[in-house]
Amino acid sequence: MPELTSRRGLLFGTAAVSAGALLTACTSNEPSSKEGESAANDQPVADDKPGKEVTIGFAGPQADHGWLNAINDNAKKRAEKYEDVTLEITEGSNDTAAQIGQIETLINKKVDVLVVLPADGKALTQVGLKAMRAGIPVVNLDRIFNTPQAYRCWIGGDNYGMGLSAGHYIGEKLKDKKNARVVELAGLDNLELTKQRTQGFDDALKNYPNIRKVARQAAEFTVESGQSKMAQLLQAQSKFDALWNHDDDQGVGALRAIEQAGRDDFLMVGGAGALSAFQAIEADNSVLKATVLYPPTMAASAIDLARALGQSKGVSGLAEFEIPASLTLYSAVVDKDNVDQYMSTGFK
């Protein structure tokens, strides 16, 4: 999702299993292995039953975007599920110095595990290193630190994959249309994630020689910027067949501009998984036909991983004794065929 200080088969709409689903599905106790079976089958794994008490410190940026607010909600609700988890959550700040101070406070409290979604991964790398050196494992959520030494596990979305999924979905819809034209409403161009989403989209379109991207406009991940930048695109492009919008929050504004212009001659694909986008897709009364996920449920999965780390457990379903070093979530496409499945995950 958009980074606010520096800031966010299966490809074609069928459901994908998220890391959160994997970790949750892996919360049942496995029977002990029979004699002669691999020792890996005897590994201790995290389950729903109360175990060792774990205090998890959670630090994220200010929740002034729908996706970031959903990150906080997912973390809180997941922690409440476990009797053995105490969540120490900071207020959240987009000021780097303030967030560093909040994390240092959690380190001084000697929390068992830290979950950190940094406002700026590069700027907060040193405090991640400080926690790790203090013996506090760090789960780095989404915006990655500069070195793997600053975290024990990274979990986050796939920005390149978002573009790839959006491009393939649009490509399949337009593959039989001669000289098809598409436009792109991107996010902030100074962000690496925006560049990755555009690159994935462009790479996917290379599979469809009949499709050409004729325009691209960068917005700012807000409703207001989405409306103004989409209005500019519509004025400049009198005819096109599809639009990919990087972010469902700015997509609210984009849809307003589209409605005001009286345009309905193209299909639109959004990004992230906002509830408003799911509802529009379900209603099927606008140009918005699909959205590509960048699931905020990653925060719930981060709590699962932190709990497993605090209890020295592994993840069932995997043979390894330790949790993975990284988990990249899949960018599934949600359209009218599977929107009911994802409706409960939509963020406001």
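The values are calculated or read from the model by the stated rules, or taken from the named source; none is laboratory data. Predicted model, so just to flag it, every value in this text is computed and none were measured. Note that each Cβ is placed from the backbone with ideal geometry, even for glycine, and that neighbours are counted across all protein chains shown. When the accessible area is computed, the model is the full protein with side chains, heavy atoms only, and any ligands, DNA or RNA have been set aside. Shrake-Rupley method; radii C 1.70, N 1.55, O 1.52, S 1.80 Å.
Restricting attention to region 23-70, the residues that are within 30 Å of A272 (Cβ to Cβ), open to solvent by less than 60 Å² (accessible area, probe 1.4 Å) and at pLDDT below 95 total 13.
Cβ-Cβ contacts under 7 Å between residues 6 or more apart (or on different chains), taken from a first residue in region 216-239 that is within 17 Å of F201 (Cβ to Cβ) to a second residue that is open to solvent by 70 Å² or more (accessible area, probe 1.4 Å) and polar (S, T, N, Q), are listed as Q217/Q232. Report whether or not D112 is farther than 30 Å from Q199 by Cα, of a type in the set (D, E, K, R), in contact with a strand residue (DSSP E or B) (Cβ under 9 Å, 6 or more places away or on another chain) and crowded, with 18+ Cβ neighbours inside 10 Å. It is true that D112 is farther than 30 Å from Q199 by Cα, of a type in the set (D, E, K, R), in contact with a strand residue (DSSP E or B) (Cβ under 9 Å, 6 or more places away or on another chain) and crowded, with 18+ Cβ neighbours inside 10 Å. Of all residues in region 78-103, those satisfying the criterion of being in a helix (DSSP H, G or I) and open to solvent by less than 60 Å² (accessible area, probe 1.4 Å) are R78, A79, T96, A98, Q99, I100, G101, Q102, I103. Where strands (runs of 3 or more DSSP E) sit wholly within region 117-222, those with at least 2 residues that are open to solvent by less than 10 Å² (accessible area, probe 1.4 Å) and under 23 Å from V54 (Cβ atoms) occupy 138-141, 153-156. Could you tell me whether any residue of region 220-228 is modelled with pLDDT under 95 and in contact with a Pro (Cβ under 7 Å, 6 or more places away or on another chain)? Yes, the conditions are met somewhere in region 220-228.
Where in region 239-348 are there helices (runs of 4 or more DSSP H), lying fully within it, with 3 or more residues that are open to solvent by 10 Å² or more (accessible area, probe 1.4 Å) and either more than 30 Å from P137 (Cβ to Cβ) or among the aromatic types (F, W, Y) (or both)? It would help to see each step written out before you state the result.
Values: elements: 248-261, 275-283, 298-310, 339-342.
The helices (runs of 4 or more DSSP H) meeting that bar are 248-261, 275-283, 339-342.
Within the bounds of region 294-312, is there any residue that is within 22 Å of K173 (Cβ to Cβ) and at pLDDT 95 or above? Yes: one or more hits.
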